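> First the structure, then my questions, so here it is.
The values are calculated or read from the model by the stated rules, or taken from the named source; none is laboratory data. Every value quoted in this text rests on a predicted model; they were computed, and no experiment measured them. Cβ sites come from the backbone with ideal geometry, for glycine too, and all protein chains shown count toward neighbours. Remember, those area values only see protein heavy atoms, side chains included, never the ligands or the DNA or RNA. Shrake-Rupley method; radii C 1.70, N 1.55, O 1.52, S 1.80 Å.
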Amino acid sequence: VQLQASGGGLVQVGGSLRLSCAASGRTFSRYSIGWFRQAPGKEREFVVAISRSGSSTDYADSVKGRFTISRDNAKNTVYLQMNLLKPEDTAVYYCAADYGSTLYPDLISEYGYWGQGTLVTVSS
């Protein structure tokens, strides 16, 4: 599967953005999807993940209550709605795919397919 992340941009503190992760192929519904982010000078970190059907989600504590992940398998797309953005949310956001169920959705090593990343900048 090939992934294409989009929707990043510059937004002010408290603003919102919606990221999209579009996938190629006809087996998208067989993949768990995760979002990770990497800020300048920092390691890549887990943000959120969603199961194949969309019935199960996992969020990092830092984004709970502000970010919402969803997926539309008919459109081969996962969405990340980001509200109440903070300067510390500034990073390159990557979507990633894992075939089947993901036992540890917050681990980078679980994912075999990665998109190219989209930059989110939150200005104060």
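> Output the number of residues of the range 7-64 satisfying the condition of being farther than 23 Å from Gly112 by Cα, among the charged types (D, E, K, R) and touching a strand residue (DSSP E or B) at 6+ places or on another chain (Cβ under 6 Å).
Count: 1.
> How many of the residues making up the range 44-61 are farther than 21 Å from Gly14 by Cα, open to solvent by less than 70 Å² (accessible area, probe 1.4 Å) and either at pLDDT below 95 or not in a strand (DSSP E or B) (or both)?
3
> Next question. Name the pairs whose Cβ atoms lie under 7 Å apart, with the first residue in the range 62-85 and of a type in the set (Lys, Arg), the second loosely packed, with under 15 Cβ neighbours inside 10 Å and not in a strand (DSSP E or B), and 6 or more positions between them or separate chains?
Close Cβ pairs (under 7 Å, with a partner that is loosely packed, with under 15 Cβ neighbours inside 10 Å and not in a strand (DSSP E or B)) amount to Arg66/Asn83; Arg66/Leu84.
> Among the residues of the range 8-24, is there at least one that is open to solvent by 50 Å² or more (accessible area, probe 1.4 Å), assigned to a strand (DSSP E or B), touching a residue at least 24 places away in the same chain (Cβ under 8 Å) and of a type in the set (A, V, I, L, M, F, W, C)?
yes
> Follow-up question, since we're still on this one. Within the range 25-43, how many residues turn out to be closer than 14 Å to Thr90 by Cβ and not in a strand (DSSP E or B)?
The qualifying residues number 4.
> Conditions first: (1) open to solvent by 30 Å² or more (accessible area, probe 1.4 Å); (2) at pLDDT 95 or above. Thr27 passes all but one, so which condition is the exception?
(2)
> Could you please give the count of residues in the range 102-124 that are loosely packed, with under 15 Cβ neighbours inside 10 Å, hydrophobic (A, V, I, L, M, F, W, C) and either touching a strand residue (DSSP E or B) at 6+ places or on another chain (Cβ under 6 Å) or on the phi > 0 side of the Ramachandran plot (or both)?
Residues that pass the stated criteria total 1.
> Another one. Please identify the pairs in which a residue from the range 45-61 that is more than 17 Å from Ser29 (Cα to Cα) has its Cβ atom under 8 Å from the Cβ atom of a residue that is of a type outside the set (Ser, Thr, Tyr) and surrounded by fewer than 16 Cβ atoms within 10 Å (Cβ to Cβ), counting only partners at least 6 apart or on another chain.
Glu45/Gln38; Phe46/Leu107; Phe46/Ile108; Ala60/Glu45
> Just one of the numbered conditions (1) under 22 Å from Val122 (Cβ atoms); (2) under 15 Å from the mean Cα position of the chain (by Cα); (3) surrounded by 14 or more Cβ atoms within 10 Å (Cβ to Cβ) is not true of Gln4; which one?
(1)
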